[in-house]
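Here's the structure we're looking at; comments come further down.
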Amino acid sequence: MNVSQHLNDGFLREVSAKFPSDFLTQDPHELETYGKDWTKVYAPKPSAVVFPRTTEEVSRFLKLCFQNDIAVVPSGGRTGLAGGAVAAKGEVVLSLTRMNRMGPVDPMSQIVRVQAGAVTEAVHRHCEPHGLTWPVDFASKGSSHIGGNISTNAGGVKVIHYGMTRNWVLGLQVVTMQGDILELNGALEKNNTGVDLRQLFIGSEGTLGIVTEATLKLARLPEHLDVFFFAVKEFKDVLTLFLEARKGPFTLQAYECLLHNCLEAVVWNLGVKSPFNDKHGAYVLMEVERPTTPEAQGRLDEWLGSLFERGLIQDGTLAQSPREAKELWMLREAVAESLTRKAFLHKNDIALPVAELNTFLDAMMNVFATKYPGLDVYVFGHIGDGNLHVNTLKPEGMDREEFLTRAHAADEDLFELVRSHQGSVSAEHGIGLLKKDALKYSRTPEELSIFKAMKRALDPKNLLNPGKVFDLT
């Protein structure tokens, strides 16, 4: 039976009568495309996809779905890795792709109002002529949507300096499942009138309401950026160097790390040459903003010289042009893609207090070595904010099902370690479908009870992105 048949004829006739002719589609290719995200674990089975252009259309459609008990999955750029935008049970996908309008930049207030379907990189370009930027930045910025960034409280490579997405959202327009339109905070910098409902929706993964527009806070574009790529002996030296960078004569914009096997994978995948002739235990990509005065350059040279004199770094290179800076960044940003091409893999995205990183990684590697020999572990991440990406690759010759069984068993040990170090089982991709069973390692029963109470209050029929983050039982 075609999964679309659960949408009754009366509902479809009403949509046809009240919305534009291109509003709803049940084309199999569109269902396949918009019913999934980058997780690639769950088979997409939506019953239809709708493409609103305005908040008013979103409101009217959700109200109609609420009246007819039809579940809806919000969809943005679909770059998430936790299954948060997957429609696997006949839900209707509400795609915000057409809602991509960007308003004028306000240089005085340093804000811009955009629709939720605006692409992150397009917002960056829109603000750049004014010397401003929305400082949320990551590898998927060319595909991700502002609404999705807000719904997952996205992080990225600049969290160390700017913080998470929620720090850069001044106001929200949200539509609830009943079709109510909420205007939250507007363009106010100060608003001390009770609970900040705006923050309730940021990071809720589309389970409480659909973000349709946002007023974004902007930051000044950095004037001069230097990109370094350092080689260090082992992971603990990554943290030692990080402490030195915190005290360096510059503003730290990004501090990324990858172990040697990750660099090997990138070199193999891209067909590029490693910046260094020798093999090293770990590598740091560091981006800094510094003044361009001769005095500032002298302080930077002195700082670099001291690192070599004290043996904190074994080798290093500085990008001499924007092209070289892009090439160095590619050594870090291409890790995930390179590992995917290298072998079938199992991913984890975790966060630890920065001070716990070294002891945690030692303990984690010991667990894999003693309990799961043969599973290759590849670690990289945003060290400045405690976010590690832990990847296990399927050994050649091992059956995929056997590998997944072992990888999932290893997850239990990994998450127990995360909990014991006061960490999070999901640093920046949310919970979605993929991490539901792991949520208990980072959230208490009391917290989950509050989550469910909020869900019941805002979505009493459990129709909006149902089954994501937790089961409402």
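The values are calculated or read from the model by the stated rules, or taken from the named source; none is laboratory data. Computed from a prediction, not measured in an experiment: that's the story for all the values here. Don't worry about glycine lacking a Cβ; one is built from the backbone with ideal geometry, like all the others, and counts go over all protein chains shown.
Determine which member of the set E289, E223, E256, E213 is touching a Ser or Thr at 6+ places or on another chain (Cβ under 6 Å), charged (D, E, K, R) and under 28 Å from E128 (Cβ atoms).
Numbers: E223 fails: touching a Ser or Thr at 6+ places or on another chain (Cβ under 6 Å); E256 fails: touching a Ser or Thr at 6+ places or on another chain (Cβ under 6 Å); E213 fails: touching a Ser or Thr at 6+ places or on another chain (Cβ under 6 Å).
After applying the criteria, what remains is E289.
Matching residues to (1) touching a residue at least 12 places away in the same chain (Cβ under 8 Å); (2) more than 12 Å from F230 (Cα to Cα); (3) assigned to a helix (DSSP H, G or I):
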site: L252; (1), (2), (3): yes, yes, no
site: E256; (1), (2), (3): yes, no, no
site: N261; (1), (2), (3): yes, yes, yes
site: N269; (1), (2), (3): yes, yes, yes
site: Y283; (1), (2), (3): yes, no, no
site: V288; (1), (2), (3): yes, yes, no
site: D301; (1), (2), (3): no, yes, yes
site: L304; (1), (2), (3): yes, no, yes
_Tell me yes or no: at least one residue of the range 365-383 is touching a Gly at 6+ places or on another chain (Cβ under 7 Å) and among the small types (G, A, S)._
no
*Only one of these conditions is not met by G84: (1) under 21 Å from K461 (Cα atoms); (2) at pLDDT 95 or above; (3) touching an Asp or Glu at 6+ places or on another chain (Cβ under 9 Å). Which number is it?*
(2)
*Residues in the range 316-329: is at least one touching a residue at least 24 places away in the same chain (Cβ under 8 Å), part of a loop (DSSP other than H, G, I, E, B), in contact with a helix residue (DSSP H, G or I) (Cβ under 8 Å, 6 or more places away or on another chain) and not assigned by TED's automatic domain parsing to the domain that holds A231?*
no
*Give the residues of the range 341-369 that are of a type outside the set (A, V, I, L, M, F, W, C) and more than 18 Å from the chain's Cα centre (by Cα), sorted by residue number.*
R341, K342, P353, E356, N358, T359, D362, N366
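Being of a type in the set (S, T, N, Q), assigned by TED's automatic domain parsing to the domain that holds T207 and at pLDDT 95 or above is true for just one of T120, T54. Which residue is that?
On the way: T54 fails: assigned by TED's automatic domain parsing to the domain that holds T207.
After applying the criteria, what remains is T120.
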*Please work out which residue is nearest to L375 (Cα to Cα), limiting yourself to the range 243-300 and to residues that are among the aromatic types (F, W, Y) and surrounded by 14 or more Cβ atoms within 10 Å (Cβ to Cβ).*
Y283
*Do we have E213 as farther than 30 Å from R125 by Cα, outside any loop (DSSP other than H, G, I, E, B) and either of a type in the set (D, E) or under 25 Å from the mean Cα position of the chain (by Cα) (or both) here?*
no
*Every residue from the range 96-130 that is within 20 Å of V211 (Cβ to Cβ) and hydroxyl-bearing (S, T, Y)*: T97, T120
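Let's see how each residue does on (1) aromatic (F, W, Y); (2) surrounded by 24 or more Cβ atoms within 10 Å (Cβ to Cβ); (3) under 23 Å from E289 (Cα atoms):
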| position | (1), (2), (3) |
| --- | --- |
| E121 | no, no, yes |
| R125 | no, no, yes |
| N149 | no, yes, no |
| N153 | no, no, no |
| V175 | no, yes, no |
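Whether any residue in the range 274-287 is under 28 Å from V112 (Cβ atoms), of a type outside the set (V, I, T) and either out of contact with any helix residue (DSSP H, G or I) (no Cβ under 8 Å at 6 or more places or on another chain) or not assigned by TED's automatic domain parsing to the domain that holds V86 (or both) is what I want to check. Lay out the reasoning, then the answer.
Initial filter on the range 274-287 (under 28 Å from V112 (Cβ atoms)): 287.
Narrowing the set further to residues that are of a type outside the set (V, I, T) leaves 287.
Filter once more, so that each one left must be either out of contact with any helix residue (DSSP H, G or I) (no Cβ under 8 Å at 6 or more places or on another chain) or not assigned by TED's automatic domain parsing to the domain that holds V86 (or both): 287.
Yes.
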*asked:* Of all residues being buried (at least 18 other Cβ atoms within 10 Å of the Cβ) and outside any loop (DSSP other than H, G, I, E, B) in the range 183-207, which is farthest from the chain's Cα centre (by Cα)? Just the residue, please.
replied: L184
*Report the residue count in the range 394-432 for those that are assigned to a loop (DSSP other than H, G, I, E, B), surrounded by 14 or more Cβ atoms within 10 Å (Cβ to Cβ) and under 23 Å from the mean Cα position of the chain (by Cα).*
9
*Test T133 against the criterion of being free of Cβ contacts under 8 Å to residues at least 40 places away in the same chain, surrounded by 18 or more Cβ atoms within 10 Å (Cβ to Cβ) and under 20 Å from the mean Cα position of the chain (by Cα), and give yes or no.*
no
_I need the full set of residues from the range 352-374 which are in contact with a Lys or Arg (Cβ under 7 Å, 6 or more places away or on another chain) and either of a type in the set (K, R) or under 16 Å from L388 (Cα atoms) (or both), in order please._
N358
_Residue among E234, E289, E256 that is of a type in the set (D, E) and touching a Gly at 6+ places or on another chain (Cβ under 6 Å)_ = E234
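Given the criteria surrounded by 14 or more Cβ atoms within 10 Å (Cβ to Cβ), modelled with pLDDT under 95, within 22 Å of R166 (Cα to Cα) and among the charged types (D, E, K, R), does K435 qualify?
Working: surrounded by 14 or more Cβ atoms within 10 Å (Cβ to Cβ): yes; modelled with pLDDT under 95: yes; within 22 Å of R166 (Cα to Cα): yes; among the charged types (D, E, K, R): yes.
So K435 fits the description; yes.
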